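A short write-up of the structure that comes next.
Read the figures in this text as sums done on the coordinates, not as results from a lab. Here the structure is a predicted model, which is why all the values come from computation and not from measurement. Neighbour counts are summed over all protein chains in view; Cβ atoms, including those assigned to glycine, are modelled from backbone coordinates with ideal geometry.
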Amino acid sequence: MKITPRILIVEDEPSVVVYLKSLLRRWNCEVCDVAYTGKEAVTKALEHQPDVILMDIMLVGDTDGIDVAQTIESQLNTHIIFITAIISSVTKKIPEIKSRPLLHKPIDPNQLLQALEKVTAAGTFDVTSSTNHPLRILLVEDNRVTLKIVSSMLKRLGYEIVGMVMSGEEAIQKAEALHPDIILSDVDLMGDMTGLEAAQYIRTHYQIPVVFLTGQLTAIDNSFVTLNKAAFTARDIQQAIEKAIA
């Protein structure tokens, strides 16, 4: 019988921690704990004995993630996946990284999933999309009637609404704080930022897919999934969400 892999996150950026938790939750993985320093990482790894450790290389303090990984592996049989934003920081320690997966920030969900599948390839773990945890959705819409209609549809479909905001600026703040699995947004919003501008920023910085609900279909970047605001059904929303996260 396959079991859910238990994962320790070692990362000192809170927004990245939220992002990783969101992805792992979607893939039926259990986050057993989070460590923000090398010292915490060693202590929590020995305490929880995780199956996999997601290890940031540049950590707060005098010890980097590579040295921490070596300390942990000398005392514990576990799998390490390295994460880094600065390639130059690891070039001198390539031999120490060896064959362990190395992911670059911003983290691509598909690459992370492939790395997890690789290190758990023995077949005893179940790293798949989970139906036990509904997708977490942020709604961005400044029309209260539309907001009520869409939120009702999403709840009937079994999705979890983690927030509802009315401006692009608020959307960015909530995306960073909550890191939802997907965002449903209008294009014309109150405030100085359009929905498209907010979506482009969010996709670039947080890698969160966005589905647009709008009547201006010709004005939208065609790299986004878009629904006609004038006429859509719950099934249309479900199909758009599935397409956006595919």
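On a full-extension model of 0.36 nm per residue, what is the gain between residue 114 and residue 177, subtracting their alpha-carbon distance, rounded to one decimal in nm?
Length gained between residue 114 and residue 177: 20.1 nm.
By how many nm would the segment from residue 30 to residue 238 lengthen if fully extended, with 0.36 nm per residue of separation less the alpha-carbon distance?
Contour length minus Cα-Cα distance gives 72.3 nm.
I need the shape label for the range 136-245. Rule: rounded when a/c is under 1.5, else prolate if a/b > b/c, else oblate, with a, b, c from the alpha carbon gyration tensor.
rounded
Using the Cα gyration tensor of the range 6-119, with a ≥ b ≥ c the square roots of its eigenvalues, what is the shape: rounded (a/c below 1.5), prolate (a/b larger than b/c) or oblate (neither)?
rounded
May I ask you to compute the full-extension gain from residue 245 to residue 205, defined as 0.36 nm times their residue separation minus their alpha-carbon distance, rounded to one decimal in nm?
Result: 12.7 nm gained on full extension.
Which entries in the list 21/105; 148/229; 148/243 go over 18 Å, if you measure between the two C-alpha atoms of each?
148/243
For the chain, what is the relative contact order in percent, using Cα pairs closer than 8 Å and at least 6 residues apart in sequence?
Taking the mean separation of contacting Cα pairs over the length of the chain, I get 15 percent.
Taking the Cβ-Cβ separation of residue 86 and residue 161 as r and a Förster radius of 35 Å, what is the calculated FRET efficiency to the nearest 0.05?
0.45
Evaluate the distance, in nm, between pseudo-label points positioned 7 Å from the Cα of residue 105 and of residue 15 along their respective Cα→Cβ axes.
1.0
How high is the relative contact order of the range 6-119, in percent, with contacts defined as C-alpha pairs under 8 Å that are six or more residues apart?
This gives 23 percent for the range 6-119.
HN-Hα J couplings of the range 202-208 from phi, Karplus 6.51/-1.76/1.60, θ = phi - 60°, integer Hz, Gly and Pro as x?
Whole-Hz 3J(HN,Hα) from phi for the range 202-208: 5, 5, 6, 8, 10, 6, 9.
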